[in-house]
1. Spot the failing condition for L231; the list is (1) open to solvent by less than 10 Å² (accessible area, probe 1.4 Å); (2) within 30 Å of I65 (Cβ to Cβ); (3) in contact with a Lys or Arg (Cβ under 8 Å, 6 or more places away or on another chain), and only one is missed.
2. Look at the stretch 1-20 and say how many of its residues are part of a loop (DSSP other than H, G, I, E, B) and open to solvent by 70 Å² or more (accessible area, probe 1.4 Å).
3. Does the stretch 106-115 hold any residues that are within 19 Å of the chain's Cα centre (by Cα) and more than 16 Å from the ligand (Cβ to nearest atom), and which are they?
4. Checking G303 against (1) open to solvent by 30 Å² or more (accessible area, probe 1.4 Å); (2) assigned to a loop (DSSP other than H, G, I, E, B); (3) not charged (D, E, K, R), only one condition comes out false. Which one?
5. Does L217 fit the bill of being farther than 24 Å from A93 by Cβ, modelled with pLDDT of 95 or more and either touching a Cys at 6+ places or on another chain (Cβ under 9 Å) or not assigned by the TED database to the domain that holds H106 (or both)?
6. For G49, are the conditions met, namely being free of Cβ contacts under 8 Å to residues at least 12 places away in the same chain and more than 16 Å from the ligand (Cβ to nearest atom)?
7. Return yes when A332 is away from the ligand (no atom under 16 Å from the Cβ) and crowded, with 24+ Cβ neighbours inside 10 Å and no when it is not.
Amino acid sequence: MTTPDWLAAGQRHVWLPYTQMKTAGAQLPVVSASGSRLKLADGRELVDGIASWWTAAHGYRHPHIETTVERQLKTLPHVMLGGLAHEQAYRLATRLAALLPADLDHVFFSESGSVAVEIAMKMAVQYWLNQGERRTRFLSFTGGYHGDTLATMSVCDPDEGMHGMFRGVVPDQFVVDLTPDSVDAALEKHGAEIAAVLVEPLVQGAGGMRFHDAEMLRHLRAACDRHGALLIFDEIFVGFGRLGEALFACEEAGVTPDIITLSKALTGGTLPLSATIARDRVFDAFLSDDPAKALMHGPTYMGNALACAAANASLDLFEQEPRLDQARAIGALLAERLEAVRGTPGVADVRTKGALGVIELTRMRDSDWLKARFIEEGIWLRPFGNIIYTTPPLTTDLDDVARIADVMVRVTRE
Ligand SMILES: *Cc1c(COP(=O)(O)O)cnc(C)c1O
């Protein structure tokens with residue numbers, strides 16, 4: 001493969017995510033992307049099976065997002081939200097509030113998923129402080145993933161969050177199995193200390209792609225109400241139609257959290273943006289004559305106009321194009337094709353939900369070998385842990401979805 005000069009020169013300087021740099025090989029140089037295809041420097045094309053960490057819901061370079069962002073770039077790329085207002089952020093907040101159930105009406109913008117979760121945690125603690133109560137801990141779940149910053153690591157799965165290695169730096173939280181009994185036991189014992197319960201509703205994503213049902217979430221809601229704890233849904237993975245039934249998992253489950261976090265597909269995979277959205281009950285606890293009771297947070301680039309324009313364009317597309325139907329069609333095809341690998345030695349489980357397909361292995365022998373085989377077959381996938389998964393753009397045509405699934409099956413068998 002030809003190595004472009006910028007890759008050869010920059011390789012020593014770019015510190016890669018989740019990568020042992022001592023053994024890291026050259027990364028694949030991508031020169032352009034379109035629809036569900038990535039074009040490499042040597043002319044090869046890959047079908048993107050994970051939509052850049054499931055952000056590119058409408059595929060790459062959807063013309064509506066492209067023209068909207070271009071127009072915004074030429075009028076107002078960014079202005080600080082501290083004291084100044086601009087149309088894109090205000091319209092986006094109004095639209096998100098209208099789309100989300102009940103009184104999830106108060107939108108705080110930031111630029112990454114981890115920060116949105118940090119803000120949700122800070123909001124929950126201060127919600128209690130503002131009412132004269134000190135609740136500083138969180139209940140979260142094994143198999144969960146909520147980000148890579150120090151506070152969000154503390155509510156991830158203990159292995160994923162490297163709680164052992166970072167003992168003393170990452171705060172101690174209550175992380176239990178996501179079962180009604182564990183939830184009840186933890187809240188009965190520690191309820192008075194717990195500011196909020198954090199969960200990825202219906203599917204725990206990057207921590208292992210585990211599924212649970214709406215009944216579990218109803219149980220959580222009731223348990224939180226019993227003990228006064230706030231309920232936070234982290235929909236950074238499941239939000240924006242990934243699961244095929246509704247735009248948000250809270251809608252599908254019919255359970256309304258007190259705070260919800262969104263990011264990833266919010267801008268359709270174009271610009272970094274996230275939102276922490278609270279119900280009246282939470283927001284009202286910050287209303288006071290005492291300035292110290294305000295939410296003391298304010299990322300420099302919060303509500304960036306380019307990102308908000310992209311998000312507004314992305315919401316237009318969810319309104320105008322049949323994304324949920326497409327997600328369901330992708331899901332049906334993935335369910336049918338991936339089933340072929342069930343029962344293969346080394347395969348622990350096959351599961352699908354919406355435009356998400358998962359093959360769980362009993363043990364991952366060599367994820368680098370897998371990745372290389374997928375690339376040989378013209379597919380971009382990035383297995384982790386024991387998991388081979390696909391989260392393609394929701395616009396991926398069904399021939400490409402079949403190709404992704406068939407390659408997953410074939411390579412797993414090998
Ligand atoms: C990706 C993800 C995050 C972290 O988002 P970043 O933008 O990577 O910081 C948090 N929660 C969930 C559920 C995620 O999938």
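1. Going through (1) open to solvent by less than 10 Å² (accessible area, probe 1.4 Å); (2) within 30 Å of I65 (Cβ to Cβ); (3) in contact with a Lys or Arg (Cβ under 8 Å, 6 or more places away or on another chain) one by one, L231 breaks only (2).
2. Within the stretch 1-20, the subset part of a loop (DSSP other than H, G, I, E, B) is 1-4, 11-20.
Going one step further and asking which of them are open to solvent by 70 Å² or more (accessible area, probe 1.4 Å), we end up with 1-3, 11-15, 18, 20.
So the count comes out to 10.
3. Result: V107, single match.
4. Just one mismatch for G303, condition (1).
5. Criteria met by L217.
6. So G49 does not fit the description; no.
7. no
Here is a yes/no grid of residues against (1) within 15 Å of the ligand (Cβ to nearest atom); (2) more than 30 Å from A192 (Cα to Cα):
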residue	(1), (2)
G228	no, no
F233	yes, no
I236	yes, no
T270	yes, yes
A278	no, no
V282	no, no
A292	no, no
G298	no, no
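The values are calculated or read from the model by the stated rules, or taken from the named source; none is laboratory data. Predicted model, so just to flag it, every value in this text is computed and none were measured. Here the Cβ is made from the backbone with ideal geometry for all residues, glycine too, and neighbour counts use every protein chain on show. Side chains included, ligands, DNA and RNA excluded: accessible areas come from the protein's heavy atoms. Shrake-Rupley method; radii C 1.70, N 1.55, O 1.52, S 1.80 Å.
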